[in-house]
Amino acid sequence: MAWIVLGVMVGLIVALIKTRYKPSALFAATLFLFFAMGQIEAKSMIDNFVNPSLLILAILIIVTAPIERSTYLQSLSHSIFTTSSYALSLSKMSVFTALVSALLNNTAVVATMMGVIKSNKKITPSKYLLPLSYVAILGGTMTLIGTSTNLIVNGLAISEGLEGFGLFDFIYVGLPLTLAGFLVVLLNSRNLPDHSEAKTVHRSNYFVEALVGTASPLIGKSIEHNRFRHLENLFLVEIIRHNKLISPVSPKEIVEADDILVFAGNISNLHDLKRFEGLEIFNSDSSVLESNIVEVVVSHESVLIGSCIREANFRSKFDAAVIAVRRGSERLSGKIGDITIQSGDTLVLATGDDFSKRDNIDRNFYVVQGVTLERKLSNSTSNLVILGFIAILLLNALNVLPLLDGLIYYLGALIGFKILSFREIRRRIPFDILLLVGSALGISQVMNSSGAAHLVVDAISALFSDFGIYGQFISVYIISMILTELITNNAAAAIAFPIAYSTAIELHVDPTPFILAIAYGASASFMTPYGYQTNLMVYGPGQYRFSDYLRNGAPLSIVYGVIVISLVPIFFPF
């Protein structure tokens, strides 16, 4: 049975690398398969979904929402870019990002900073966005709550009967990692591309406009009847009528004289429009069109992933239409409706009035530029929110109050004072992460109980037996580091944990350093845009190429790895 379980795990890794299915769905399917094989009981599966670390992760993501809406996060981030010195601005941004990422969800920190960077016309986003992602990853390694990876590993450790980690147990290695990593980022910043010519979204880069003449046969007929929905290279996204915007456009909308029809897509090829009688192609200077352009990045949790734009039904779901799609440095051309959406894609949307009111926006997108989705808190409320959060962390650090208990009290206070609504709570619940982690806990149990983990450990021992305990410790770190570059940080931690734990048990040593090797290794995603969600978030807005990650991430990954394998055994002996 051990070999069968191991074969299923190899299939899971291949599926994570080769397919576009969400990791959470693949992990859940694998757990269900093990259940069907009789390798885990239903009660054990259910118990895994109420693991304390899993609950901490869920509540933490929810209660940090008001902090993200506080006046301080935005105002402090804006004050960073007040100097003409690139090195000084980069340093200030790095210090701020690292400190905040140690306590808040780093995807939220990166999303906030991305908006500030993209809206600042004095700086070039491509010179800041990749360092932003790297420093956010580094800052997250300093505390238990700094990254979901640490909480996942902590939950896996607790499930094995271990005590778990304290809030600041990660700082002994995380702080040197962050300091050294920042120096590498600063020294290597000259390798970052300069896309200063494409700092902002502008309609002339994406649109072509056509005026409906007063004698045109198109007048009085619907968009669908005129076959504007069947163009090969263009898509009708908006109509400007009497200086007012109709966006997005319904197929039943009736065309009127003097309408300005706004098309998006491959605007270098306009032969599609030339066959319409009474349609005059021109470029208007109207400012109406720019009032509703929003730039977003597709979230790694988005339900849109794997769907083509035509099937995604943007108009009914989001009150928006897709104008253009960018994947890294490549602006995708051709028929927009046929493009398959991927995590990390940058979409330029023409939005309607209801866009910012939709509940599903922040679950599917990171808004980079163009609209503010949530109202900011007042200064007094911001003070209460931040001081309350800091108080909970201090009480936990002083061993006065367990972190889970403190977060539950804090959540209750936020609800009681109407700072956090139930609507926002529903929107913030991280269903994908909860499903992935709960499934991973069960999979880890199966790997240990079936003997599959021991098969991997035996192979590692055979390869690294000449190097002793330290050599096998290094091999565990390398396994998790490779996995995180190929799949995702959370999935890498979940798969590598049973291997690390079983290795330590087999060697009759303390599992702690091996578990930490997994935690730090799973966060060591610097060389690809796909291993960590913040890397994906900056991929499109920074117009990066894959080679930019490799060139800038490889030196950082080497320094990071040397520090981890050097310091972990010192602070956490075998």
What are the residues whose amide H is under 5 Å from the amide H of Leu401, where those residues sit 5 or more places off or on another chain and H is modelled from the backbone?
Asn396
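How far, in nm, would the chain grow between Val509 and Leu395 when pulled straight, counting 0.36 nm per residue and subtracting the alpha carbon separation? Numbers along the way, then the final one.
Numbers: separation 114, 0.36 × 114 = 41.04 nm, distance 3.20 nm.
Net length gain for the segment: 37.8 nm.
Assigning unit charges at the beta carbon (Lys, Arg +1; Asp, Glu -1) and nothing else, what dipole magnitude in debye, to the nearest 20, does the chain show about its Cα centre? List each step's numbers first, then the result.
Values: 40 positive and 42 negative charges, 199 e Å.
About 960 debye.
With a 10 Å Cβ neighbour count serving as the proxy for reagent exposure, in which order, fewest first, do Ser525, Ser148, Ser356, Ser79 appear? It would help to have the intermediate numbers written out before the result.
On the way: Ser525 30, Ser148 26, Ser356 16, Ser79 11.
Lowest count first: Ser79, Ser356, Ser148, Ser525.
Stokes-Einstein at 4 °C, 1.567 mPa s, Kirkwood radius from Cα pairs: D for the stretch 402-489 in µm² s⁻¹?
Numbers: Rh = 17.0 Å.
The calculation lands on 76 µm²/s.
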Put in order of increasing Cβ neighbours within 10 Å, starting from the fewest, Thr381, Thr147, Thr351 give Thr381, Thr351, Thr147
Using the alpha-carbon centroid of each, what span in Å lies between the stretch 345-404 and the stretch 22-55?
30 Å
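So for the stretch 499-574, what percent of the C-alpha to C-alpha distances run longer than 14 Å? Show your work: numbers first, answer last.
Details: 1879 of 2850 pairs.
Result: 66 percent of Cα pairs exceed 14 Å.
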Ranking Ile443, Ile415, Leu486 by how far each Cα lies towards the positive end of the charge dipole of the stretch 396-538 (+1 on Lys and Arg Cβ, -1 on Asp and Glu Cβ), the top one is Ile415
Quick one: check the C-alpha center-to-center distance for the stretch 166-195 versus the stretch 409-460, whole angstrom.
27 Å
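Largest first and in whole Å, give the semi-axes of the chain's equivalent ellipsoid, each being the square root of 5 times a Cα gyration tensor eigenvalue. Before the final figure, lay out the partial values.
Values: eigenvalues 406, 134, 108 Å².
Here the semi-axes work out to 45, 26, 23 Å.
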Per the helix-only calculation at 222 nm, which mean residue ellipticity applies to the chain, given -39500 (n - 2.57) for every DSSP H run of n ≥ 4 and division by its residues, nearest 500 deg cm²/dmol?
-16500 deg cm²/dmol
Could you list, in their original order, any pairs among Lys22/Lys118; Lys118/Lys274; Lys18/Lys274; Lys221/Lys317; Lys127/Lys317; Lys244/Lys357 whose Cα atoms are separated by more than 32 Å?
Lys118/Lys274; Lys18/Lys274; Lys127/Lys317
Cα long-axis angle, helix 512-522 against the chain (0 to 90 degrees, to the nearest 10):
20 degrees
For a quick check: with amide H placed at 1.01 Å from N, whose amide H comes under 5 Å from Leu332's, ignoring anything fewer than 5 positions away on the same chain?
Val325, Arg326, Arg327
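How do Thr30, Thr340, Thr503, Thr107 line up, fewest other C-beta atoms within 10 Å first? Please report the intermediate quantities before stating the final value.
Details: Thr30 21, Thr340 16, Thr503 27, Thr107 24.
In increasing order of surrounding Cβ atoms, one gets Thr340, Thr30, Thr107, Thr503.
Since every read-out is calculated from the coordinates, none of them should be taken as a lab result. All values reported here derive from a predicted model rather than from experimental measurement. Cβ coordinates were reconstructed from backbone atoms using ideal geometry, including for glycine residues, and neighbour counts include every protein chain displayed.
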